[in-house]
Amino acid sequence: MELPALSDDALSRLFVYFKELKHWSRRVNLIAKGTGDGEILEKHFLDSLTLLPLLDGEKPHLLDVGSGAGFPGLVCKAVRPDLQVTLVEPRLKRVSFLRHVARTMKVDNISILECRVEDESMLPSDTGFTHISSRAVNEINPFLEMCSRFRGSAVQVICMKGPRWKEELATWQESGNSKDFSLVSQNSHVLPESGGQRYLLVFEAVT
């Protein structure tokens, strides 16, 4: 999958993000201890950016579920400041980090919510998201169940998966929950340094 060229402003924002991530990781559990600079850039930043080519359409609005340290939602926002993004993260320390980085990068049109995706009061079903994604939810089936209450809008759910995606997809298809969503596309890429295989599975609501 071909990534868009990054502007100088985008690279500047990503550098700010990178520095703050390393600084905060000394006292907040954001990434695995001992993660090297190259791993951060490849496995967190570059991997997150593979989502960007799929965020198409007019006025896209991305919901990043269990955003953690901001992967993939805040990374995409750093590169595309016009993108509307909502980050959902239940842990206060990580929420504080996300809000700090967003302020430091000077990006707006971003919502950072301290809640779970099931929280209707803070995250209403009719918010109008165009895309939903997550790197925190391990299995396709429970993630699509979490997203099912947003089916009222024309939303695409993008599952970011590793090499076990076929097994997870089969589990979902056999679960009886496949009536709510249909798989509409599959995209794959290889991380350049580690050679890690990544897959983006795009689902649409069945109406």
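Residue pairs whose Cβ atoms lie under 8 Å apart, separated by 6 or more positions or on different chains, with the first residue in the stretch 190-207 and in contact (Cβ under 8 Å) with a residue 60 or more places away in the chain and farther than 18 Å from GLY128 by Cα and the second outside any strand (DSSP E or B) and hydroxyl-bearing (Ser, Thr, Tyr), are ARG198/THR50; LEU200/THR50.
Considering each residue of the stretch 190-206, count those that are assigned to a strand (DSSP E or B) and within 28 Å of PHE150 (Cα to Cα), and give that number.
Applying the first criterion (assigned to a strand (DSSP E or B)) to the stretch 190-206 yields 190, 197-205.
Adding the requirement that they be within 28 Å of PHE150 (Cα to Cα) leaves 198-205.
Adding up the residues that qualify gives 8.
Remark: pairs (first residue in the stretch 78-94, more than 13 Å from HIS61 (Cα to Cα); second residue among the basic types (Lys, Arg) and part of a helix (DSSP H, G or I); Cβ separation under 7 Å; 6+ apart in sequence or on different chains) = ALA78/ARG13.
Select from the stretch 121-162 the residues that are outside any helix (DSSP H, G or I) and charged (D, E, K, R) and list them in ascending order.
Taking the stretch 121-162 first, the residues outside any helix (DSSP H, G or I) are 121-139, 151-162.
Passing the criteria: ASP126, ARG135, GLU139, ARG151, LYS161.
Here GLY73 fulfils each of the conditions (1) in contact with a His (Cβ under 6 Å, 6 or more places away or on another chain); (2) within 24 Å of GLU39 (Cβ to Cβ) apart from (1). Taking the stretch 1-47 as the range and being farther than 21 Å from LYS106 by Cα, crowded, with 18+ Cβ neighbours inside 10 Å and charged (D, E, K, R) as the test, the residues that pass are LYS43, ASP47. Only a single item in (1) in contact with a Cys (Cβ under 8 Å, 6 or more places away or on another chain); (2) assigned to a loop (DSSP other than H, G, I, E, B) is not met by SER48, and it is number (2). When residues in the stretch 146-160 are screened for being of a type outside the set (Gly, Ala, Ser), modelled with pLDDT of 90 or more and either more than 12 Å from VAL65 (Cβ to Cβ) or in contact with a Ser or Thr (Cβ under 7 Å, 6 or more places away or on another chain) (or both), 6 of them pass.
Can you confirm whether GLU20 is farther than 22 Å from MET160 by Cα, over 18 Å from the mean Cα position of the chain (by Cα), of a type in the set (D, E, K, R) and modelled with pLDDT under 95? It would help to see each step written out before you state the result.
On the way: farther than 22 Å from MET160 by Cα: yes; over 18 Å from the mean Cα position of the chain (by Cα): yes; of a type in the set (D, E, K, R): yes; modelled with pLDDT under 95: no.
For GLU20, the condition - farther than 22 Å from MET160 by Cα, over 18 Å from the mean Cα position of the chain (by Cα), of a type in the set (D, E, K, R) and modelled with pLDDT under 95 - is not met.
The values are calculated or read from the model by the stated rules, or taken from the named source; none is laboratory data. Remember, predicted model here, so these are calculated numbers, not experimental data. Glycine also receives a Cβ, built like all others from the backbone with ideal geometry; neighbour counts cover every protein chain displayed.
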